[in-house]
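Heads up, the thing below is written out as structure tokens.
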Amino acid sequence: MMDYSKFYIDGAWVEGSGPKPFEVVNPADNSIVATVSLGNAKDVDAAVQAARLAFPMWSETPHHERVAAVERLKAVYDKRIEEMAQAISSEMGAPIRFARNSQAAAGLSQINNFLNAGRDFVFEHPMHPDGSGDLILYQPVGVCGMITPWNWPINQITLKVIPALLVGCTVVLKPSEIAPLSAMVFMDMLHEAGFPSGVCNLVNGDGLTVGTAMSAHPGIDMMSFTGSTRAGIAVTKTAAETVKRVALELGGKSPNVVFADVDVEEAVARGARACFSNSGQSCNAPTRMLVERPIYEKAVAVAARIANETMIGAPSEDGPHIGPVVSMQQYDKIQSLIEQGIHEGARVAAGGPGRPEGFDQGAYVRPTVFADVHNQMTIAREEIFGPVLCIIPFDTEEEAIEIANDTPYGLNAQVQTSDRDRARRLAAKIRSGMVQINGASRASGSPFGGFKQSGNGREGGRWGLEEFLEVKSVSGW
């Protein structure tokens, strides 16, 4: 049984310098599933020191040996994937089937994607195809501090840790204190896979203490952060004092533009299900559905029906249902925003305030559909991070583009139309890092990231490897 009160530093599970107990709560019934310790600046310093000492060795390790280490990790992860699923389900409330098939499986998928991108990565090449010009070298950034969120915990951890390790960086990881168990299981997998001491370290803690200490630490060369825009701004400001590189993957308010020339039932149902998946706790969820006016009321009716048909259940129960949101604090925030939507005049087509029928405890939210929304309403501007869909009408293609882009965010967008040229026009004009046309899944290893206040940089595949590399040009070689 893992001792969750310890940190993983320099290849061993160790006590923190001043243990501060913190209870990890199952949001389904508010039961305590584990108690971790929150670290402090001394713990961060110890982890950074270990990572800095390990960096020369790891960065100079032949690339094929680093690849082999990640391949060993893949085998360990595959063997222990049920343990990962159980940890995720208990810490953040994901139903166990979803935790297995989507959450834990995402971590394994990311490991595979980075191995595919990394095995033959070229770390040096001449500047020009004919061999002339400077020699271009790609070299690891150094020690990378990583702060990851609770909503897709192991997916975000593997999106950062795996590419950094593959290219020769060393790591200090701070997972969300709300959902730290999956990160600790992952570190134990790294240990079992035989990674050298100090290459990857973990310190639990809150953002204000440990996150700030990492962002400010002169021994950390790069910060990679996933979370809220507010927290990303704080990381950037703190990191500026030491002029370290900062990569941010932040919030979203993704538009899903539905034209009248589609199968309304299919397109709207798909969009609503994507919004409610993971209890609405995905930064790229299509939470603003922009619908061409001739099909608007039909779209509202379809979305409302999907909301009413969405099954809700306990994380421990097998099934295709959604579970609670991550915490009662998050529940209260969502309830406040639902009330704000009603106050500002949006029409509740399904769901609404309060818990679903049959639930008198836990952080369960009713899948909610708002109609008659305009883009200046609070629920259309702010990231709710719950199963809440806002439906906004439009009349012309130009108006749809204007509404889609009228947001501080720019992470993801979706376009539903049978007109291929129109789909491509919108894909080019919507200011977002990703666009999905007619429900097409994103390809494995494609770049993940956004424009504007959704962040900077890209994670995944070759782009994810390049995030952790410096470019050096050598003349006269």
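Worth pointing out:
- Flag if GLU124 is among the acidic types (Asp, Glu), on the phi < 0 side of the Ramachandran plot and touching a residue at least 24 places away in the same chain (Cβ under 8 Å): no
Yes/no per residue for (1) among the polar types (S, T, N, Q); (2) in a helix (DSSP H, G or I):
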position	(1), (2)
SER224	yes, no
ALA234	no, yes
THR238	yes, yes
LEU248	no, no
ALA269	no, yes
ALA272	no, yes
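- Filter result for SER215 (surrounded by 24 or more Cβ atoms within 10 Å (Cβ to Cβ), polar (S, T, N, Q), farther than 30 Å from GLU82 by Cα and at pLDDT 95 or above): yes
- Subset of the stretch 385-426 [free of Cβ contacts under 8 Å to residues at least 40 places away in the same chain, surrounded by fewer than 16 Cβ atoms within 10 Å (Cβ to Cβ) and over 26 Å from GLU339 (Cα atoms)]: THR396, GLU398, GLU399, GLU402, ARG420, ASP421, ARG424, ARG425
- Residue in the stretch 151-161 that is in contact (Cβ under 8 Å) with a residue 60 or more places away in the chain and in a loop (DSSP other than H, G, I, E, B) present: yes
- Test: residue in the stretch 19-35 that is within 20 Å of LEU190 (Cα to Cα) and either among the acidic types (Asp, Glu) or crowded, with 17+ Cβ neighbours inside 10 Å (or both): no
- The stretch 252-267 - residue that is touching a Lys or Arg at 6+ places or on another chain (Cβ under 9 Å) and part of a loop (DSSP other than H, G, I, E, B) and, of those, surrounded by the fewest Cβ atoms within 10 Å (Cβ to Cβ): ASP261
- Test for PHE394: is it aromatic (Phe, Trp, Tyr), at pLDDT 95 or above and under 25 Å from ASP263 (Cβ atoms): yes
- Tabulated pairs, the stretch 174-201, first without any contact (Cβ under 8 Å) to a residue 12 or more places away in the chain and farther than 12 Å from GLU91 by Cα, second in a helix (DSSP H, G or I) and among the charged types (D, E, K, R), C-beta under 9 angstrom, 6+ apart or interchain: none
The values are calculated or read from the model by the stated rules, or taken from the named source; none is laboratory data. In this text the structure is predicted, and so the values were computed from the model without any measurement. Glycine also receives a Cβ, built like all others from the backbone with ideal geometry; neighbour counts cover every protein chain displayed.
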